[in-house]
Amino acid sequence: MVVLRTHKLGEADRIVTMLSKQHGKIRAVAKGVRRTASKFGARLEPFMVADVQLHKGRNLDIVTQAETLGTYGADISNDYSSYTTASAMVETADRITDDSGSTQQYLLLVGGLRSLARREHDQRLILDSYLLRSLAIAGWAPSFRDCAVTGKPGPHSAFVVQLGGIVSDEVAPPGSPRLDNATIELLEALFTGNWEQADLAERSTRTQASGVIAAFAQFHLERSLRSLEHIESETRIV
């Protein structure tokens, strides 16, 4: 399971929200984990991947055992940019998944956190790729070439979030944002996992692509991602 978030409960316990591989989101009580002598407290911190055993409780399950599978939490939390990026990823996973489970969503999140912890790519590229793919798995795959409304073969340049992505001039509302070829190519690379191409993108191209992806994600999630606001604020400061 991937730990998405935790909340304090009483003096020593925590409620842990986790994303499992087969059963979707699970909320459970981890007793005594806030004590320094806790045997598995560090294994149930956000961004950690663990094999967790649970005991069925009356309202919430009880964590009885946790064995670490991926120690990504420490490496991510030691860097503020990585921490805010991971926070946006797990917040998205929390919003987009439910109790029914999605192995694809689970594997995508684990892969993203692993890549982030290992510093394999630029942090914002990792987040943007994760957002596009997670939305696609949820049924909101954007179109970056053919018109999202008519299916007319591209290339087109107008991008309309509410219409599902790139659209032809015939259906594009007046004043629709226009994307250049470099941005469209980066969006496609992030969506398909073409990291060789994505890593070579210019900073200005990355900035435009990030804005498009953030708008697309927040439209479908129906409200803003709080963690994403911290990342955008940090980017403006830099």
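For this structure, a couple of remarks:
- Leading residue by the ranking (most open to solvent (accessible area, probe 1.4 Å)) among those in segment 175-186 that are in a loop (DSSP other than H, G, I, E, B) and either modelled with pLDDT of 95 or more or within 16 Å of residue 129 (Cα to Cα) (or both): 180
- Evaluated against (1) open to solvent by 60 Å² or more (accessible area, probe 1.4 Å); (2) outside any strand (DSSP E or B); (3) touching an Asp or Glu at 6+ places or on another chain (Cβ under 6 Å), residue 133 falls short on exactly one condition, (3).
- Residue count for segment 98-116 satisfying the condition of being touching a helix residue (DSSP H, G or I) at 6+ places or on another chain (Cβ under 7 Å) and under 14 Å from residue 50 (Cα atoms): 3.
- Of all residues in segment 187-200 being of a type in the set (D, E, K, R) and without any contact (Cβ under 8 Å) to a residue 60 or more places away in the chain, the one that is surrounded by the fewest Cβ atoms within 10 Å (Cβ to Cβ): 196
- Any chance residue 189 is in a helix (DSSP H, G or I), over 20 Å from residue 82 (Cα atoms), among the aliphatic types (A, V, I, L, M) and modelled with pLDDT of 95 or more: yes
- The set of residues in segment 83-95 that are under 13 Å from residue 112 (Cβ atoms) and out of contact with any Lys or Arg (no Cβ under 8 Å at 6 or more places or on another chain) comprises 86, 87, 88, 89, 92, 93.
- Long-range neighbours under 6 Å by Cβ, at least six apart or interchain, first residue of a type outside the set (Ser, Thr, Tyr) within segment 76-87, second assigned to a helix (DSSP H, G or I) and open to solvent by 30 Å² or more (accessible area, probe 1.4 Å): 76/83
- Residue count, segment 33-55 (criterion: surrounded by 16 or more Cβ atoms within 10 Å (Cβ to Cβ) and either touching a Ser or Thr at 6+ places or on another chain (Cβ under 9 Å) or basic (Lys, Arg) (or both)): 13
- When segment 103-140 is filtered for residues that are in contact with a strand residue (DSSP E or B) (Cβ under 9 Å, 6 or more places away or on another chain) and among the hydroxyl-bearing types (Ser, Thr, Tyr), only 106 remains.
The values are calculated or read from the model by the stated rules, or taken from the named source; none is laboratory data. Here the structure is a predicted model, which means the values were calculated and not measured. Heads up, the Cβs are rebuilt from the backbone with ideal geometry, glycines too, and the neighbour counts pull from every protein chain shown. Ligands, DNA and RNA are excluded from the accessible area calculation, which covers all protein heavy atoms including side chains. Shrake-Rupley method; radii C 1.70, N 1.55, O 1.52, S 1.80 Å.
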